[in-house]
Structures are given as C-alpha cells and as structure tokens.
Amino acid sequence: MLIYKGTDPSQVNQFTGQGVWYIGRMMQGRRNAINMGGELLVMTNYGIMQMSKLISGAPATDESVSITFKINPRINTVMQRMQEFYGWEMVYNPRDQITIVITPKEISQPYKQFVYNTATRAWCEFSGLPMKTAVMWRNKLYFGTDDNRVCTYEGYLDRVLLNPAEGTYEPVEWESLTGFQGFSEPAQNKRVHFLRPLFIGAATPVYRIVARYDFNLTPPQGSAIFPATAGGIWNLASWDFSTWGGGYVVAQVPKGGSGLGRYVALYMRGRSASELTHVGTDTLYDTGGLL
C-alpha cells in the first residue's frame, strides 16, 4: 500500500492531501522508486507504475499506469521467478534518455537488465553486462560489478581500461528481433528472398541476419567475426602514418533470405566498435498458397 498524508483534512484524495492507492507488492532492492523527468516511478510486481496516472483514478491494472505494459509477458516472468531475491533496482540516465531496470543475477544465467528509452518509449534488454548496482554522478552513469569494479556507461566500446592501449577493448555485441508480421495476409505462406538492412554510423558493422517464421526465436548461428581496427588510437598513433576516422557512412548490403512460413520476423546479430544506428530493413518476399 502507498499512503500520501497531508495537513488539511479538506484535501482528502487530492495530490496535496491524503489518499490510499494499491500498487502491488514491492520488489526486493535498494531503489524501487525514482524520479524520471518529474514523474515518480515505482517498481512492483504489477510492473513499473506511473504515480501521476495512479492517483488520478486509473486502476493499477490499467495499461496507461504501467510503462512496462508492452513487455509485461517478459518482465513479469522474471519478476515472479525472482521476486524474493534481493537486487532489484532502477536508475534514470537523462543524458542517454534511458531508464535501466537492474534484476538479480540468476544462477547459470547471464546478467540481465531491462532498458526503457524515454524518447521513443521502446524497450530493449542488456544481456551479459555485469551491472549489480548503478548511480548517476556528474551527468555520467557509473555501475558496480560483483568483482568490486566500478565501470562507466559511455562510448561505443566494451572493456576499455583507464589507461587504454591498443587491443585493450572489445566491440559491443548486439542483436535485434522484429515483431512477427503477416503482411496483411496471415493465412498465406511467405518466402523471403532478400534482406537489406540500412545502417548509418562511423564505420560499417559486421552482422548476420536471417528470416524467422511462425514464432521461431532461434538466433542466427555463429557470430560475425569482427576485424581488427585499422584506425588510429589517440596518444598511441602517429600523424601522417595512422588512419583516422572520417564522417558517417551508410551501409546497405543486400543479404539472401531463406525459409517459408506465414508470419515473418527478422533476427539480426552483430558487433560494432563505433556509433551505429539501424534505420530499417528492406524485405523482398513472395506469397504462396494456404499450404
């Protein structure tokens, strides 16, 4: 239960007065409530609640109250399984316009964080990032790990040391899965022939992309090999000899598709060591019969 108390009895059930609203059961952690751009967010087993919507009269089960309603099947499964474990936490990063939901580490499972983009209202998931706790300090996000390291969330490289030397970093691994679409003909079979992802970034990414059919969630086999960078590293490279980065490049290489099914999604995995934006993917397919 969440209780607001005021000093004026005439202001009962007003924002500045007294009221009682049911929000569900709090998760086990040290930061279950945060301020996100003037909005109070509270994390419970119903999801992440917006208090402004709740105190205006909307029920806790209304989708407008929870910012996690789009991913409720996914996050609620983790919440129910790990509800009694300590380690739930939220942190708002205004510089990158994201809110990170830190979850307890499960045995034999990679680290997992749910990330909400406050600009697009879209969700993604961080996997394998050893984030145990996090805090904003001087407009930079710092997070702690199980092995007592303090890391910063910035840049486009992974495992960069305080005193960087050539070869001390790793490219960031990423993957994306679109929603399954019937393309206005859900009863007809589709066959994808070509896929053309469009990227804009400081360098051409390496990736694999495949078409998945009928809710098959198997990721692409193997990982693209990331080539060693040929660019210059500041404080180590020499002018007139090393290669330095230029402007943004556009990559739109067509890839071959395969498979057959009624509902189609695109599964992509890749690695990148520079700023990268996935604009979209062109899909060329044909349609067959019912069987």
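What to note about this one:
- Out of TYR86, TYR142, TYR116, sole residue that is within 25 Å of TYR22 (Cα to Cα), in a strand (DSSP E or B) and of a type in the set (Phe, Trp, Tyr): TYR116
- The single condition among (1) assigned to a loop (DSSP other than H, G, I, E, B); (2) closer than 30 Å to GLN28 by Cβ that PHE126 does not satisfy is (1).
- Just one of the listed residues (ASN76, ASN148, ASN93, ASN72) is over 17 Å from the mean Cα position of the chain (by Cα) and polar (S, T, N, Q), namely ASN148.
- Of all residues in segment 45-65, those satisfying the criterion of being touching a helix residue (DSSP H, G or I) at 6+ places or on another chain (Cβ under 9 Å) and either closer than 19 Å to GLY87 by Cβ or buried (at least 19 other Cβ atoms within 10 Å of the Cβ) (or both) are ASN45, TYR46, GLY47, ILE48, VAL65.
- So THR68, is it farther than 23 Å from THR120 by Cβ, surrounded by 17 or more Cβ atoms within 10 Å (Cβ to Cβ) and either of a type in the set (Ser, Thr, Tyr) or out of contact with any helix residue (DSSP H, G or I) (no Cβ under 7 Å at 6 or more places or on another chain) (or both): no
- ILE55 being farther than 27 Å from MET136 by Cα, out of contact with any Leu (no Cβ under 7 Å at 6 or more places or on another chain) and in contact (Cβ under 8 Å) with a residue 40 or more places away in the chain: yes
This table checks each residue for (1) of a type outside the set (A, V, I, L, M); (2) loosely packed, with under 14 Cβ neighbours inside 10 Å; (3) without any contact (Cβ under 8 Å) to a residue 24 or more places away in the chain.
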{"residue": "THR133", "(1), (2), (3)": "yes, no, no"}
{"residue": "LYS140", "(1), (2), (3)": "yes, yes, no"}
{"residue": "VAL150", "(1), (2), (3)": "no, yes, yes"}
{"residue": "VAL160", "(1), (2), (3)": "no, no, yes"}
{"residue": "LEU177", "(1), (2), (3)": "no, yes, no"}
{"residue": "PHE180", "(1), (2), (3)": "yes, no, no"}
{"residue": "SER184", "(1), (2), (3)": "yes, yes, yes"}
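- Check on ASN72, at pLDDT below 90, in a loop (DSSP other than H, G, I, E, B), touching a Gly at 6+ places or on another chain (Cβ under 9 Å) and polar (S, T, N, Q): no
- Unique match (being at positive phi and modelled with pLDDT under 85) among GLY37, GLY47, GLY6: GLY37
- Residue check for SER127: closer than 30 Å to GLU63 by Cα and either of a type in the set (Asp, Glu) or not assigned by TED's automatic domain parsing to the domain that holds GLY87 (or both): no
- Filter pass, SER184 being under 21 Å from GLY128 (Cβ atoms) and outside the structural domain of LEU129 (by TED's automatic domain parsing): no
A quick yes/no check of all residues on (1) of a type in the set (Phe, Trp, Tyr); (2) at pLDDT 85 or above; (3) under 21 Å from SER274 (Cβ atoms):
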residue: ARG149; (1), (2), (3): no, yes, no
residue: PRO171; (1), (2), (3): no, yes, yes
residue: PRO197; (1), (2), (3): no, yes, yes
residue: ALA203; (1), (2), (3): no, no, yes
residue: ILE209; (1), (2), (3): no, yes, yes
residue: ARG212; (1), (2), (3): no, yes, no
residue: PRO227; (1), (2), (3): no, no, yes
residue: GLY246; (1), (2), (3): no, no, yes
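- Selection status of GLY155, more than 27 Å from GLN80 (Cα to Cα), within 18 Å of the chain's Cα centre (by Cα) and not β-branched (Val, Ile, Thr): yes
- Verdict on ARG262 being surrounded by 13 or more Cβ atoms within 10 Å (Cβ to Cβ) and at pLDDT below 90: no
The values are calculated or read from the model by the stated rules, or taken from the named source; none is laboratory data. Bear in mind that the values here come from a model prediction, so they are computed numbers and not experimental data. A quick note on method: Cβ atoms are made from the backbone with ideal geometry, for glycine too, and the neighbour counts reach across all protein chains shown.
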